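*Asks:* First the structure, then my questions, so here it is.
The values are calculated or read from the model by the stated rules, or taken from the named source; none is laboratory data. As the structure is a prediction and not an experimental result, all values here were calculated from the model. With ideal geometry, Cβ positions are generated from the backbone for all residues, glycine too; neighbour counts draw on all protein chains shown. In case anyone asks, the SASA skips ligands and DNA or RNA and just uses the protein heavy atoms, side chains included. Shrake-Rupley method; radii C 1.70, N 1.55, O 1.52, S 1.80 Å.
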Amino acid sequence: MRRFMLMVMAALAMTPALVWDGCRWTWRVARAVMGGPAPDVAEAFAEADAVEPPVAALTTDEETGLAALALIAPFAGEEGTKPLPAHQEWYVQELTREERMKLASKYPDRIGRHLRGVDTIPGLPVVPTPAQHGARVLDAYLDIRDGTRPEDIAESNRAFSLAVIEDLLADLDEKLAA
């Protein structure tokens, strides 16, 4: 009970300061709305720039990681970052939800190193090289040109796999029957 009373007394002691700050803020807003003279803030900004250290430039791995994060979770109003190469963009877009979450949980420089293939993240598929990506694009183009849709290819692959499994099971049944 004593602790509670101390907290109440501390809150009551802070009330005048909070009220005074609220009044000052309200007065500033009212002056700005009613057209009071605006203070010159150029000097304040110049002083702040002189005090704050300059921001270091991003490395290419950090830029790549930020671009990948922007693909995974675009933020409203965020300016676009440098675009990813086609093979890396395709890779990020083809990841499953769990894989995207795993990728997004890393720092941007780590993501960039993974996308370059230098320092892979365990549990994520390997990033294709530009040549491998070009071969996939060419295969998809040839399939489209020949009238074969990717869904048809996937269905024929499933049917082939099922036929192989059924054949193996039939062989196993024959061996067990003998």
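*Asks:* Per the Kirkwood definition applied to all pairs of different Cα atoms, how many angstroms is the hydrodynamic radius of segment 75-159?
*Replies:* Here the Kirkwood hydrodynamic radius works out to 15.0 Å.
*Asks:* Between L176 and E94, what FRET efficiency comes out of the Förster formula 1/(1 + (r/R0)^6) with R0 = 41 Å and r the beta carbon distance, rounded to 0.05?
*Replies:* The computed FRET efficiency comes out at 0.45.
*Asks:* From the phi of every residue in segment 163-178, what ³J(HN,Hα) in whole Hz does the Karplus formula 6.51 cos²θ - 1.76 cosθ + 1.60 yield, where θ is phi - 60° and glycine or proline is x?
*Replies:* 5, 5, 5, 4, 5, 5, 5, 5, 4, 5, 4, 5, 5, 6, 6, 7
*Asks:* Loop-only chymotrypsin sites (Phe, Trp or Tyr not before Pro) in segment 62-157, please: DSSP not H, G, I, E or B, and at most 15 other Cβ atoms within 10 Å.
*Replies:* On the way: sites: F75, W90, Y91, Y141; in loops: F75.
Those that pass, being in a loop and sparsely packed, are F75.
*Asks:* Express in Å², to the nearest 10, the accessible area of M7 obtained by rolling a 1.4 Å probe over the protein heavy atoms while all chains stay in place.
*Replies:* The value for M7 is about 120 Å².
*Asks:* Label-point separation (nm) for Y141 and M9, each offset 7 Å from Cα along Cα-to-Cβ?
*Replies:* 8.1
*Asks:* What does segment 126-178 give for Rg and for Dmax, in Å, if only its C-alpha atoms count?
*Replies:* Using the Cα atoms of segment 126-178, the pair Rg, Dmax is 17.7, 53 Å.
*Asks:* I'd like the distance separating the alpha-carbon centroids of segment 63-115 and segment 130-165, in whole Å.
*Replies:* 26
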